[in-house]
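The values are calculated or read from the model by the stated rules, or taken from the named source; none is laboratory data. This one's a predicted model, so the numbers in the text were calculated from it and none came from an experiment. Here the Cβ positions follow ideal geometry from the backbone for every residue, glycine too, while neighbour counts run over all protein chains shown.
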Amino acid sequence: MTSSASTAVQLTGVRLDRGGRTILHDLDLAVPAGSITAVLGPSGTGKSTLLAAVTGELVPAAGEVRVFGEPVPSRPRELLEMRKGIGVLLQGNGLLTDLSVAENVALPLRAHTRLPEPLLRRLVAMKLNAVGLRAAADLYPRELSGGMARRVALARALALDPPLMLYDEPLTGLDPIASGVIMSLIRRLSRSLGLTSIIVSHHVRETLPIADQAVVVANGGIVFDGTPAQLEASEDPLLRQFLHGEPDGPIPFESVPSKPAPPRREEVA
């Protein structure tokens, strides 16, 4: 078991329900501080639901979620305070179309700080420079490519210098070149800023190379937790089906939603 001092996110015996149906259950997971953890799995298996538990958006039906050693609070004011330390990159970017790039990045700073305007503008320029878009400050979201918009959203997520970054399908809708740029940025920023990063994705080949830890979610729970190399070497039929995109195997394709059966989890020492 990883000690609390070196663990950024800890899930213990967690069960997550939505609409009266259990999505994930018996979740035990430790995300080391300063690591990049890839949470992989087929679409619709509950990966984003897991992130919702970390941010406090979804309260577990059972078990406990801790972030940097503290339980995720239930009171709104305390939850808001905790969320200041979590940056989230959404699938759809969430940029406001009537605001410029710089104004979008400035939103968290304006909402949560009282910085003087010159300092705020300087911080926005620094965040945009970190993602290679300082020259795009005056553009609007409609003038950006998909990859540029995703980088702006990344700069905004980093605006408050959060120690924990959550990425929900960061490569959705991007071409291979833009995908490579985003993954390279995530790796560089995580290492240079000492961030803990959790990447939810079904893009295995793009995500595994930058990850320290690989977690696979399928059939209602965590079925693998280890290093990317250990995942690649696994002979488990379920894991091999997912990694190689095989249509037939333990993971059903477009099955009728039901309460998931207990997952088989491959434990790696």
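Find the residue count for the range 68-93, including only residues that are within 15 Å of the chain's Cα centre (by Cα) and either closer than 20 Å to Asp17 by Cα or assigned to a loop (DSSP other than H, G, I, E, B) (or both).
The total comes to 5.
Of the conditions (1) surrounded by fewer than 16 Cβ atoms within 10 Å (Cβ to Cβ); (2) modelled with pLDDT of 95 or more, Arg114 fails just one. Which one is it?
(2)
What pairs come up if the first residue lies in the range 37-63 and is free of Cβ contacts under 8 Å to residues at least 40 places away in the same chain, the second is among the charged types (D, E, K, R), and their beta carbons are under 8 Å apart, counting only those six or more places apart or on different chains?
Going by the 8 Å Cβ cut-off, the qualifying pairs are Thr49/Arg18; Gly56/Arg83.
Show the residue pairs that are 6+ apart or on different chains and have beta-carbon atoms under 7 Å apart, the first residue being within the range 97-112 and touching a residue at least 24 places away in the same chain (Cβ under 8 Å) and in a loop (DSSP other than H, G, I, E, B), the second being hydroxyl-bearing (Ser, Thr, Tyr) and surrounded by fewer than 21 Cβ atoms within 10 Å (Cβ to Cβ).
Matching pairs, first to second residue: Thr97/Tyr140; Ser100/Tyr140.
Among (1) at pLDDT 95 or above; (2) over 14 Å from the mean Cα position of the chain (by Cα); (3) outside any strand (DSSP E or B), where does Arg15 come up short?
Result: Arg15 passes all but (3).
Going by what's in this entry, would Leu164 be described as out of contact with any Cys (no Cβ under 8 Å at 6 or more places or on another chain), surrounded by fewer than 21 Cβ atoms within 10 Å (Cβ to Cβ) and not charged (D, E, K, R)?
No, not satisfied.
Out of all the residues in the range 114-147, which are in contact (Cβ under 8 Å) with a residue 12 or more places away in the chain and either part of a loop (DSSP other than H, G, I, E, B) or among the charged types (D, E, K, R) (or both)?
If the condition is that a residue be in contact (Cβ under 8 Å) with a residue 12 or more places away in the chain and either part of a loop (DSSP other than H, G, I, E, B) or among the charged types (D, E, K, R) (or both), then Arg121, Lys127, Val131, Gly132, Leu133, Ala137, Asp138, Leu139, Tyr140, Arg142, Leu144, Ser145 are the ones that fit.
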